[in-house]
Amino acid sequence: MNRMPTWADVILVPLVSLLLAAFFSAIVLLAIGENPWEALKLMVEGSVGSTYAWGYTLYYATNFIFTGLAVAVANHAKLFNIGAEGQAQLGGLGVALVCLFLPFPHWSIALIVAICAGALFGAAWAAIPAFLQAKRGSHIVITTIMFNFIANALLVYLLVNVLKPSGTMEPATASFPDAAHLPSFNAMFSSEETVRFRGAPANVSFFVAVAACIGVWALIWRTRLGYQLRAFGHSESAARYAGISPTKIIMVAMLISGGLAGCMAINNVMGEAERLVLNSVEGAGFIGIAVALMGRSHPFGVFLAALLFGFLYQGGAELALWASIPREMIVVIQALVILFTGALDNMVRAPIERIFNRVGRPPKPERKLEPAE
Amino acid sequence: MDLLTLLQVLDATVRLATPLLLACLAGLFSERAGIFDIGLEGKMLGGAFLSAAIAAVTGSVWLGLGAGIVAALLLSAIHGLASITFRGNQLISGVAINFFAQGLTVVIAQSWFGQGGRTPQLGDGSRFAGLTLPGAEALRDVPILGPIYYELISGHTILVYIAFLIVPLTWWVLYRTRYGLRLRAVGENPAAVDTAGVSVRGLRYSAIVICGVLTGIAGAQLATAEPAAGFIKDMTAGRGYIALAALIFAKWRPWYALFACLLFGFLQALELRPDLIQAVIGLRVQGQLLSALPYIMTVVILAGFVGKAIPPRAGGEPYVKER
């Protein structure tokens, strides 16, 4: 069978999947008596219509870049990391601990230390499921799900009993000291005449996320380790035969994956909330699955998909604010994207492949004899 | 701690274990047929929502139960379509179904009832009430056995009894019928089943249908059986995953599934009564530890420290008939 051209594989198939997801989302909106077109206009206005809106869209996109990359790196080694949610929660814990208890002279040093702490905690949380998969053969999907719940319980315990300042009711840490505050886009891009990104949470972490995309690209396609990772993902037995240690690849892939998920905390915990609150991740770890699937596990694809989900997330929040469409509509759209780009991929791909095969096939040689009428 | 308190905790255990048990058996059928199902949570949630909504609208709890089953079956059909017909990734499909149910139930509930994503309160006629078994009142005063019968065994809703009856039924179907043999075979070696002339697709779809029915009942139990009185946003609260954990804990066997679910139900019941633990062992046990315990125990089991949990061999892999 002929292969599809690359552009069809990386652009056309995800685009058709996306259109299908959008189509079904529109049906859901119609069913609850809303006008999908009006809803789309509201979403566009609310998510890219002003620098304020962009500030939110890019803030969410930053979260999703980190978790999307986390899922993508694991995907390359054919490991399905559902645990980005828990790993990002633990990353938040790491970031909160260094921000609260270390005195920093400047935010840039705080940022570097926080990246290390977040990555370390996230990676540590991924290390146990990775070890169990590599050494004991426990299915990584199940263990990472379990670790999400354990992380949640752990965070509730720590916030309620240990980290909460005395005298407050809310389960959250104290606010971070000023030196650990990251510059927001508002502070970075506003000139004296014009104020940009006023009140929006986007901050310098966005550029860290972009750097992480480039770093992951270089890692996957330009290093020996990345080659081993992909080889392992394509065929474990072939990789093993070529002398690649499965234990090493599983561990390394999951450590990087968990580290990336943990890094998300510099955006939501350090950049936005400036303290650690309960459920700080807000499902971004799961959206990372959708982002990685959409982006075909390529960092550039992840970047675009994260922007799209940032747009959906912020647009969805605006919908909840201005129209009577609940915020959960985003979850439905997210589910449809995961369904069509992930689970029903073959349904979308097969017909497109067939079309290409028909068009691309060389013309049949003329028959010598026409069948008699 | 006196007998009555103990019985109350055990009574709560039975009630809390029921949705876990139904979902666990649902997962058992599906996974024994080689279809991984992490969408149990979503199907339960869908079942819970539609059963409560229809019970509230029609006033009939039985119609509600039927509707809950239909909702779970529809979600099952998506899973079947993705994982059997289009040979997609079963795990991703399960994740999608969970999110789909989580979002859609609230969106529909909000537009239908306008109560912030919940269904209207169910009155006494439109939810499953506890059944008083024959003789429970009369035997109540018999020492020890009387209270056990009255408090623990009697007084549950019909769905609880159904759930417990499905355990031996599952065992019988799985190990004593031709269908069960084929079902187990298709989860271990689908090619052999195919060679024997039995439809792999048909068997797997049948398993998914059973899975849908059971998760639908589980959802209905959550939302429409006393003391529940309607659907609340995200009301499954991870029970689908606990059921999954119980399934692994039970190593995909029905009787063990019952015990695993009772154990996890007991932990949930204890979580509701932190005062009791303190009274008995003199230590304050964190509620978070209790809620995390099923997951921790499952990880330990999965790690193979307490016997190895080996899933059905063909689980998670789509079957390709010919190459």
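The values are calculated or read from the model by the stated rules, or taken from the named source; none is laboratory data. If you're wondering where the values come from, they're calculated on a predicted model, not measured in any experiment. All Cβ positions, even for glycine, are placed from backbone atoms using ideal geometry, and neighbour counts span all protein chains on display. Surface areas here come from the heavy atoms of the whole protein model, side chains and all, with no ligands, DNA or RNA. Shrake-Rupley method; radii C 1.70, N 1.55, O 1.52, S 1.80 Å.
Here are a few things to note about the model shown:
- Enumeration of residues in segment B:250-296 that are open to solvent by 50 Å² or more (accessible area, probe 1.4 Å) and of a type in the set (Ser, Thr, Tyr): B:256
- Yes/no for residue A:130 being over 13 Å from the mean Cα position of the chain (by Cα) and under 22 Å from residue A:223 (Cα atoms): yes
- Within segment A:298-312, the residues that satisfy the criterion of being more than 13 Å from chain B (Cβ to nearest Cβ) and surrounded by 21 or more Cβ atoms within 10 Å (Cβ to Cβ) are A:299, A:301, A:302, A:303, A:305, A:306, A:310, A:311.
- For segment B:208-231, the set of residues classified as open to solvent by 20 Å² or more (accessible area, probe 1.4 Å) and not hydrophobic (A, V, I, L, M, F, W, C) consists of B:226, B:227, listed by residue number.
- For residue B:13, the test of being in contact with a Phe, Trp or Tyr (Cβ under 7 Å, 6 or more places away or on another chain), hydroxyl-bearing (Ser, Thr, Tyr) and more than 30 Å from residue A:316 (Cα to Cα) is passed.
- Scanning segment A:110-140 for residues that are within 16 Å of residue A:70 (Cβ to Cβ) and in contact with a Pro (Cβ under 9 Å, 6 or more places away or on another chain) gives a single hit, A:140.
- Those residues of segment B:128-152 which are surrounded by fewer than 16 Cβ atoms within 10 Å (Cβ to Cβ), in a helix (DSSP H, G or I) and either modelled with pLDDT of 80 or more or among the hydrophobic types (A, V, I, L, M, F, W, C) (or both), in sequence order: B:138, B:145
- Odd one out for residue B:234 among (1) acidic (Asp, Glu); (2) open to solvent by 70 Å² or more (accessible area, probe 1.4 Å); (3) farther than 30 Å from residue B:3 by Cα: (2)
- Pairs where the first residue, in segment B:97-109, is hydroxyl-bearing (Ser, Thr, Tyr) and the second is part of a helix (DSSP H, G or I), C-beta under 8 Å, 6+ apart: B:105/B:45; B:105/B:46; B:105/B:48; B:105/B:49
- Whenever a residue of segment A:158-173 is under 22 Å from residue A:91 (Cβ atoms), its partners that are of a type in the set (Val, Ile, Thr), lying with C-beta atoms within less than 6 angstrom and at least six residues away or across chains, give the pairs A:163/A:173; A:171/A:160; A:172/A:277.
- Residue identified as among the small types (Gly, Ala, Ser), within 30 Å of residue A:79 (Cα to Cα) and not in a helix (DSSP H, G or I) among B:34, B:27, B:80: B:34
- Some residue of segment B:37-44 being in contact with a Lys or Arg (Cβ under 7 Å, 6 or more places away or on another chain), away from chain A (no Cβ under 14 Å) and not charged (D, E, K, R): yes
- Only a single criterion out of (1) open to solvent by 70 Å² or more (accessible area, probe 1.4 Å); (2) free of Cβ contacts under 8 Å to residues at least 24 places away in the same chain; (3) more than 18 Å from residue A:91 (Cα to Cα) is not satisfied by residue A:137, namely (1).
- Among the residues of segment B:91-122, those identified as of a type in the set (Gly, Ala, Ser) and open to solvent by less than 40 Å² (accessible area, probe 1.4 Å) are B:93, B:94, B:96, B:101, B:103, B:109, B:117.
- Any hit, segment A:158-166, residues being away from chain B (no Cβ under 14 Å) and either farther than 20 Å from residue A:97 by Cα or open to solvent by 30 Å² or more (accessible area, probe 1.4 Å) (or both): yes
- Meets criteria (within 12 Å of chain A (Cβ to nearest Cβ), part of a loop (DSSP other than H, G, I, E, B) and either out of contact with any strand residue (DSSP E or B) (no Cβ under 9 Å at 6 or more places or on another chain) or more than 30 Å from residue A:78 (Cβ to Cβ) (or both)) for residue B:285: yes
- The combined condition, being in contact (Cβ under 8 Å) with a residue 60 or more places away in the chain, farther than 21 Å from residue A:328 by Cβ, of a type outside the set (Val, Ile, Thr) and assigned to a helix (DSSP H, G or I), is fulfilled by residue A:91.
- Residues in segment B:153-163 that are among the small types (Gly, Ala, Ser) and either part of a loop (DSSP other than H, G, I, E, B) or open to solvent by 40 Å² or more (accessible area, probe 1.4 Å) (or both): B:154, B:155.
- Within segment A:322-343, the set of residues being touching a residue at least 12 places away in the same chain (Cβ under 8 Å), over 16 Å from residue A:308 (Cα atoms) and facing chain B (nearest Cβ under 9 Å) comprises A:324, A:325, A:339, A:342.
- Test: residue in segment A:231-252 that is within 15 Å of residue A:67 (Cβ to Cβ), open to solvent by less than 30 Å² (accessible area, probe 1.4 Å) and touching a residue at least 60 places away in the same chain (Cβ under 8 Å): no
- Within segment A:19-42, being within 14 Å of chain B (Cβ to nearest Cβ) and assigned to a helix (DSSP H, G or I) holds for A:20, A:21, A:24, A:25, A:26, A:27, A:28, A:29, A:30, A:31, A:36, A:39.
- Of the candidates B:88, B:68, B:125, B:116, the single residue that is closer than 30 Å to residue B:204 by Cβ, over 21 Å from the mean Cα position of the chain (by Cα) and either in a loop (DSSP other than H, G, I, E, B) or away from every other protein chain (no Cβ under 11 Å) (or both) is B:88.
- Where helices (runs of 4 or more DSSP H) fall entirely within segment A:190-293, none has at least 3 residues that are away from chain B (no Cβ under 14 Å) and among the polar types (S, T, N, Q).
- Residue list for segment B:95-105, filter: of a type outside the set (A, V, I, L, M, F, W, C), within 17 Å of the chain's Cα centre (by Cα) and either at the interface with chain A (Cβ under 7 Å from one of its Cβ atoms) or more than 12 Å from residue A:286 (Cβ to Cβ) (or both): B:102
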